[in-house]
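Visitor: The structure's right below; bear with me while I get my questions together.
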């Protein structure tokens, strides 16, 4: 940041200094030229034509430097057919005379005609009264004074802009160091959290840094919740597997005659528990993704095709909002609607109706069947792990429990009601709307 600021300051000061130098140099040069033009006008005003047609001055020059040899200030009047009329300061030298001008305006230029001396010349062609000759009036001044003034100006500007640039760079450095200093404190606080000295960033920070520390604390809290959920699920799974393992160990130690049946029975129980906790773990691991999004209609169509092949005698109808999208991973959405539609096909009478509705708060997916339904008093217990609608049909009894757990992880819900149209069970799944 300091380096970029220094480069930018140097660039701006360089461009600004160059522009200011052009303006001030031009102003000094114009002032210098205005003085030369004033002298030239005075010279023309004091010029007359003599008896022989030559030019003479009716009064001596006001500036004594015109009388001092090589003083640096000169004039010369030149006309065709006449000898040049120079100032005494020229002594034995003469100003160069170029071709005639196409106008009678004043012209300015620099010349190195004299050794070791650069001249600034202003000249003008004039026709004096009583003369048909076109006279060239020239006033020349040594450029040393002009160059010296410009040099002093540039030295002053370079010194001033250098001090200004250094001050701005120092100010930018102090601002960057002071502005970023709280981030060093944030780094130390994070190091303390990593070492176990603290669990949160508790210091107060400037208003610009406060949102960062709040997000870090929220992230820490989220990670703690994730870790606690992982520990709880691991404990629940261990507790759930403990009883089947104890039964198997006891049966094996006693060399029970029904050992094979016990192994099959307890292995099925353990598989249900593992499937249940794995489903929850997958959903918890994926819910932290802010980019989670799934289109409902393609998921329903995929499940409808799969279930229709398993239950060919069942008719599954889909209706509703085809553009609905939920803030859920596609795999979890497939698992939830798959369990609901498969249950409706398995326990219904042959018809399943799925409706999708989008509300301002959520997306509702209603799955209805024409089966016997579930009494209201038993609807809450059906979500228990291992609970089944019909023990005479194959299954693990985990479908609705998995749907409930996964939906709650994403902030959704599921409720069982009676279907008014088909007379069977209505499972109403609500999932967060994806904006």
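The values are calculated or read from the model by the stated rules, or taken from the named source; none is laboratory data. It should be emphasised that the depicted structure is a prediction, and the values quoted were computed from it without experimental measurement. Glycine also receives a Cβ, built like all others from the backbone with ideal geometry; neighbour counts cover every protein chain displayed.
Visitor: Search the range 64-86 for residues that are free of Cβ contacts under 8 Å to residues at least 24 places away in the same chain and pair each with any residue that is assigned to a loop (DSSP other than H, G, I, E, B) when their beta-carbon atoms are under 6 Å apart and the residues are at least 6 apart or on different chains.
Guide: Correct list of pairs: 66/87; 69/91; 84/94.
Visitor: Right, here's the next one. Which count do you get for residues in the range 44-57 that are out of contact with any helix residue (DSSP H, G or I) (no Cβ under 9 Å at 6 or more places or on another chain) and either touching a residue at least 12 places away in the same chain (Cβ under 8 Å) or closer than 24 Å to residue 117 by Cβ (or both)?
Guide: Of the residues in the range 44-57, 9 are out of contact with any helix residue (DSSP H, G or I) (no Cβ under 9 Å at 6 or more places or on another chain) and either touching a residue at least 12 places away in the same chain (Cβ under 8 Å) or closer than 24 Å to residue 117 by Cβ (or both).
Visitor: Also, I was wondering about something else. Of the conditions (1) closer than 22 Å to residue 33 by Cβ; (2) assigned to a helix (DSSP H, G or I); (3) touching a helix residue (DSSP H, G or I) at 6+ places or on another chain (Cβ under 6 Å), residue 74 satisfies every one except a single condition; which number is it?
Guide: Residue 74 satisfies all of (1) closer than 22 Å to residue 33 by Cβ; (2) assigned to a helix (DSSP H, G or I); (3) touching a helix residue (DSSP H, G or I) at 6+ places or on another chain (Cβ under 6 Å) except (2).
Visitor: Kindly evaluate residue 248 against the criterion of being part of a helix (DSSP H, G or I), surrounded by 15 or more Cβ atoms within 10 Å (Cβ to Cβ), in contact (Cβ under 8 Å) with a residue 12 or more places away in the chain and not assigned by TED's automatic domain parsing to the domain that holds residue 409.
Guide: yes
Visitor: Another question, then. Can you tell me which residue is farthest from residue 53 (Cα to Cα) among those in the range 87-117 that are in contact with a helix residue (DSSP H, G or I) (Cβ under 7 Å, 6 or more places away or on another chain) and free of Cβ contacts under 8 Å to residues at least 60 places away in the same chain?
Guide: For the range 87-117, the residue satisfying everything is 89.
Visitor: Is it true that some residue in the range 35-48 is part of a loop (DSSP other than H, G, I, E, B), assigned by TED's automatic domain parsing to the domain that holds residue 121 and modelled with pLDDT under 95?
Guide: Checking the range 35-48: at least one residue is part of a loop (DSSP other than H, G, I, E, B), assigned by TED's automatic domain parsing to the domain that holds residue 121 and modelled with pLDDT under 95.
Visitor: What number goes with the only condition from (1) in the same structural domain as residue 49 (by TED's automatic domain parsing); (2) surrounded by 14 or more Cβ atoms within 10 Å (Cβ to Cβ) that residue 102 does not pass?
Guide: Condition (2) is where residue 102 drops out.
Visitor: Being without any contact (Cβ under 8 Å) to a residue 12 or more places away in the chain and loosely packed, with under 14 Cβ neighbours inside 10 Å: is that true of residue 130 here?
Guide: Answer is no for this residue.
Visitor: Take the range 356-385 and flag every residue that is over 15 Å from residue 415 (Cβ atoms), modelled with pLDDT of 85 or more and buried (at least 16 other Cβ atoms within 10 Å of the Cβ).
Guide: Those that are over 15 Å from residue 415 (Cβ atoms), modelled with pLDDT of 85 or more and buried (at least 16 other Cβ atoms within 10 Å of the Cβ): 356, 358, 369, 370, 371.
Visitor: Regarding residue 97, is this residue in contact with a strand residue (DSSP E or B) (Cβ under 7 Å, 6 or more places away or on another chain), farther than 26 Å from residue 153 by Cα and not in a loop (DSSP other than H, G, I, E, B)?
Guide: no
Visitor: Can you say whether residue 25 is surrounded by 11 or more Cβ atoms within 10 Å (Cβ to Cβ), part of a strand (DSSP E or B) and at pLDDT 90 or above, as far as the supplied structure shows?
Guide: So residue 25 fails the test.
Visitor: Looking only at the range 202-213, filter to residues that are within 21 Å of the chain's Cα centre (by Cα) and closer than 14 Å to residue 190 by Cβ; which one of those is surrounded by the most Cβ atoms within 10 Å (Cβ to Cβ)?
Guide: 213
Visitor: Kindly indicate whether residue 63 is in contact with a helix residue (DSSP H, G or I) (Cβ under 8 Å, 6 or more places away or on another chain) and modelled with pLDDT under 90.
Guide: yes
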